[in-house]
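Enquirer: Just dropping this structure here.
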Amino acid sequence: MTGLDVESKRQPKTADGWTARLDLEYAARQDRTVLVRNRHRGPLVVQRPLYPEKEVCHTCILHPPGGVVGGDRLEIAVLAGAGANALLTTPGATKFYRSGGRRAVQNQHLHIDDGAVLEWFPQDNILFPGAEAVINTRIDLAHGARFMGWEILCLGLPVNGRRFTGGSLATRLSLHRESRPLLLERLRIVEENDLDRCAGLRSFPVTATFIATNGTADMLSPLRELVTREEEALYGVTQVDEVLVARYLGHSTFAAHELFMDIWSILRPEITGRGACAPRIWAT
């Protein structure tokens, strides 16, 4: 493919909710990365790609209805072809509303070919009381692929003093290189007590994870200097083989985002050779 392949299929909302799918493919073309395939069905679309740093394709994923409800099913598939460089984000938090007994499902599959770099930075997921959500993310890396990304979850509405009650959450995050698992994580919240258990969220409504591949031991020291900033939160930075993992458990999605931005600013030059260049949408 040499140009942008855009295919749109309208799929009306049914009594069971939206069914939407978004397929994106990036390819290296001379001095920049191009979005060569953009196929969507239902209310999942992307804005026009931006190039604030020339060779990297910045893309913003939109979910027009503004929120996810019970019965909705969202599928996102991203392929970064050999040598491609892409950064994806969203314009704001994804809100999972009260489900009425039906689950909302969001599946995300990211595939990164040899020599490609994919940065996956969606804004936070907010689960309203009564929401029932399943969020699955799988990242597949070829031999020379590089990845950085985060997941920020907010259960309930802590700013309004509303706990996450009457709902459930099941998340799965898996990272593989050449089919070999590098990181496998699951989180299940099925009872209100799960929010308070020591092996659960310890009464913190916000849990967040930052992942970077191609890490080295000397990258840990500057990251650990960042994790002493807030008394009423728990932080951690670890390395598992090549994977650097930073975690936040606290009360503020803003604090998690600020921490992860600082971590990204440190790691990006080391892993990609580029300085941090925040997506423009974050400044609006």
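The values are calculated or read from the model by the stated rules, or taken from the named source; none is laboratory data. This structure is a prediction, so every number in the text was calculated from the model and none was measured. All Cβ positions, glycine included, derive from the backbone under ideal geometry; neighbour counts span all protein chains shown.
Enquirer: Of the residues 110, 87, 153, 118, only one is within 12 Å of the chain's Cα centre (by Cα), without any contact (Cβ under 8 Å) to a residue 40 or more places away in the chain, part of a strand (DSSP E or B) and under 24 Å from residue 265 (Cα atoms); which?
Expert: 110
Enquirer: Within segment 179-284, which strands (runs of 3 or more DSSP E) (wholly inside it) include 2 or more residues that are surrounded by fewer than 19 Cβ atoms within 10 Å (Cβ to Cβ)?
Expert: Qualifying strands (runs of 3 or more DSSP E): 180-189, 234-240, 243-250.
Enquirer: While we're looking at this one, here's another question. What residue, of 91, 122, is under 18 Å from residue 62 (Cα atoms) and in contact with a helix residue (DSSP H, G or I) (Cβ under 7 Å, 6 or more places away or on another chain)? Steps first, answer last, please.
Expert: Details: 122 fails: in contact with a helix residue (DSSP H, G or I) (Cβ under 7 Å, 6 or more places away or on another chain).
Matching residue, one of 91, 122: 91.
Enquirer: May I ask you to list pairs of residues, at least six apart or on different chains, whose Cβ atoms are under 9 Å apart, with the first in segment 47-61 being on the phi > 0 side of the Ramachandran plot and the second being at pLDDT 95 or above?
Expert: Partner pairs satisfying both residue conditions: 54/32.
Enquirer: Counting just the residues of segment 1-53 that are over 18 Å from residue 108 (Cα atoms) and among the basic types (Lys, Arg), which one comes out modelled with the lowest pLDDT?
Expert: 10
Enquirer: Let me ask you something else. Looking only at segment 170-194, which residues are under 20 Å from residue 104 (Cα atoms) and aliphatic (A, V, I, L, M)?
Expert: Once the filter is applied, which keeps residues that are under 20 Å from residue 104 (Cα atoms) and aliphatic (A, V, I, L, M), segment 170-194 yields 170, 173, 187, 189, 190.
Enquirer: Still on this structure: Looking at the structure I just gave you, is residue 268 without any contact (Cβ under 8 Å) to a residue 60 or more places away in the chain, out of contact with any Pro (no Cβ under 8 Å at 6 or more places or on another chain) and either within 20 Å of residue 139 (Cβ to Cβ) or among the aliphatic types (A, V, I, L, M) (or both)?
Expert: No, not satisfied.
Enquirer: Tell me which of these residue 174 doesn't satisfy, since it passes every other one: (1) part of a strand (DSSP E or B); (2) among the polar types (S, T, N, Q); (3) at pLDDT below 95.
Expert: Of the numbered conditions (1) part of a strand (DSSP E or B); (2) among the polar types (S, T, N, Q); (3) at pLDDT below 95, the odd one out for residue 174 is (3).
Enquirer: Being in a strand (DSSP E or B) and in contact with a Pro (Cβ under 9 Å, 6 or more places away or on another chain) is the filter here; which residues of segment 90-107 pass it?
Expert: Of everything in segment 90-107, just one residue is in a strand (DSSP E or B) and in contact with a Pro (Cβ under 9 Å, 6 or more places away or on another chain), namely 94.
Enquirer: Which residue pairs have Cβ atoms closer than 7 Å, lie 6 or more positions apart in sequence or on different chains, and pair a first residue in segment 193-208 that is under 25 Å from residue 120 (Cβ atoms) and at pLDDT 95 or above with a second residue that is hydroxyl-bearing (Ser, Thr, Tyr) and in a helix (DSSP H, G or I)?
Expert: Final answer for the pair search is 206/253.
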